[in-house]
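Every number in this text was worked out from the coordinates using simple rules, so none of it is lab data. A quick note: this is a predicted structure, and the numbers were derived from the prediction, not measured. So basically every Cβ, Gly included, is an ideal-geometry build from the backbone, and we count neighbours across all protein chains shown.
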């Protein structure tokens with residue numbers, strides 16, 4: 001109890017001593033000399049800046065990360081030009097991921113180019129042939145590709161950005177038992193993600209999930225139930241990318 005009280009007092013003092021952070025946003029206009037004799041370091045730039053207050057700053061927070069990657073892809077330095085940065089300590093991060101707003105769950109599907117999925121070894125339920133999984137794999141590939149997604153073997157999907165893999169788990173009870181025969185499906189899309197509090201930590205995490213079972217109001221066969229995963233995934237993918 002004494003340790004907890006001391007820790008609480010320390011946190012309260014630290015919070016009261018630290019001023020609340022303030023965010024301000026600026027528009028920067030760079031006018032760069034483009035003479036033929038300009039050779040990089042000798043180039044001259046003139047800058048004009050204006051302070052502005054956006055109505056909704058959430059999109060600005062979310063824009064910084066993708067903007068960095070876009071600049072790097074174009075061979076540009078996302079931090080240039082560095083103006084009035086003398087107040088930063090050496091090595092201090094210029095973008096605080098902890099202060100970024102939480103994204104909508106569907107944002108995990110935005111920009112997705114493909115997924116790894118393999119249903120060929122799925123165990124067939126009673127009354128279905130051994131080709132149950134293979135036929136479902138074909139159904140999934142048809143639906144996902146029609147939505148513009150690549151469909152790869154899970155091992156091949158490891159080469160895609162984010163290593164997206166769609167796992168589909170179909171289960172059913174033993175029809176010879178005393179219990180009523182039931183079945184259900186659960187699916188999860190995993191992708192790699194960085195911890196906002198520690199960007200050196202990279203994990204494979206579930207970013208999308210779906211589950212279903214037949215009901216008296218909406219009865220579905222075993223095959224229809226599993227194919228419903230593909231339909232739900234495509235619907236959410238299209239919504240996330242402005243097509244639904």
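Structural remarks
- With respect to being closer than 18 Å to residue 140 by Cβ and touching a helix residue (DSSP H, G or I) at 6+ places or on another chain (Cβ under 7 Å), residue 169 falls outside the description.
- Residues (surrounded by fewer than 16 Cβ atoms within 10 Å (Cβ to Cβ), farther than 21 Å from residue 126 by Cα and touching a residue at least 24 places away in the same chain (Cβ under 8 Å)) located in the range 195-231: 196, 197, 199, 204, 231
- Scanning the range 182-193 for residues that are over 18 Å from residue 226 (Cβ atoms) and in contact (Cβ under 8 Å) with a residue 60 or more places away in the chain turns up just one, 191.
- Residues of the range 108-135 that turn out to be under 16 Å from residue 169 (Cα atoms), in a loop (DSSP other than H, G, I, E, B) and in contact with a strand residue (DSSP E or B) (Cβ under 7 Å, 6 or more places away or on another chain), as a count: 4
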